[in-house]
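Trainee: One structure is given below, represented as structure tokens, and several questions about it will come after.
The values are calculated or read from the model by the stated rules, or taken from the named source; none is laboratory data. It should be emphasised that the depicted structure is a prediction, and the values quoted were computed from it without experimental measurement. Glycine gets a Cβ as well: all are built from the backbone with ideal geometry, and neighbour counts include every protein chain shown. For the accessible areas, the whole protein counts, side chains as well, though only heavy atoms, and no ligand, DNA or RNA atoms are used. Shrake-Rupley method; radii C 1.70, N 1.55, O 1.52, S 1.80 Å.
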Amino acid sequence: TLFFTEMWERFSYYGMRALLILFMTAAPAAGGLGFDTATAGAIYGLYTSMVYMTTLPGGWIADRLIGPQRAVLYGGILITVGQFSLAIPSLSAFYLGLFLIVVGTGLLKGNVSVIVGRLYSADDARRDAGYSIFYMGINVGAFFGPLICSWIGEPREGGEWVNWHYGFGAAGVGMTAALIQYVAGQRYLRGRGELKDDSG
């Protein structure tokens, strides 16, 4: 459950990142925002740094208020809405989408790893193997996300055009798959990662 949840989340995250700078710097006539490279780079840098910085408040919220399981669920919902916001051809929807993905990733990213650890006791020999399998999901999603989202969203050689927003929408579809997998597989988590759970 957590392997596929994280795989699709990473597919979504790296898929949209593959398009982000290119979309911002592409001319409006080509469907982009027409930003200069300095502005696009600053937005990209701020976005990617905040994705990881928000894991600190995301962890605090999970530990003190809602538990890791709910944090992952709520974070996944925010990321999904954010990805589909990027699929809307509007500047305000673009900024809203980035904001929602930042907040959602802050809730999801650190806490899904916590749940993996809580599936096993501290002295369980399977714990390392569990994390290895989990991180394989990260690598699979990070590999295929940019390939597929770029293929859908970027212009082809010879001028054939798909659509930037279709590429962002593909990332949203990947995140929707992560949510479906996570909700459907709740019974396999055995209550690990709930607020009242003190395992690990």
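Trainee: At 1.4 Å probe size, with every protein chain present, just tell me what the per residue accessible area of the chain comes to in Å².
Mentor: Per residue, the chain has an accessible area of 48 Å².
Trainee: Now for a different question. If you place +1 on the Cβ of every Lys and Arg, -1 on the Cβ of every Asp and Glu, and leave all else neutral, what size is the dipole of the chain about its Cα centre, to the nearest 20 Debye?
Mentor: 440 debye
Trainee: Using a 1.4 angstrom probe on heavy atoms only, work out the carbon and sulfur share of the accessible area of the chain in %.
Mentor: Carbon with sulfur: 67 percent of the solvent-accessible area.
Trainee: For every helix of n ≥ 4 consecutive DSSP H residues, a contribution of -39,500 (n - 2.57) applies; sum these over the chain, divide by its total residues, and give [θ] at 222 nm rounded to the nearest 500 deg cm²/dmol.
Mentor: Helix-only estimate at 222 nm: -25000 deg cm²/dmol.
Trainee: Sticking with this one: Note down the relative contact order for region 1-115 as a percent, whole number, built from C-alpha pairs under 8 angstrom at least six residues apart.
Mentor: Relative contact order here is 27 percent.
Trainee: For the chain, which span is the longest to avoid every loop-located (per DSSP) member of GluC sites (Glu not before Pro) having at most 15 other Cβ atoms inside 10 Å?
Mentor: No qualifying site falls inside 1-156, the longest such stretch.
Trainee: For the ranges 69-80, 175-186, what's the packing order if you count other beta-carbon atoms within 10 Å of each residue, average per peptide, and put the highest first?
Mentor: Result, highest mean Cβ count within 10 Å first: 69-80, 175-186.
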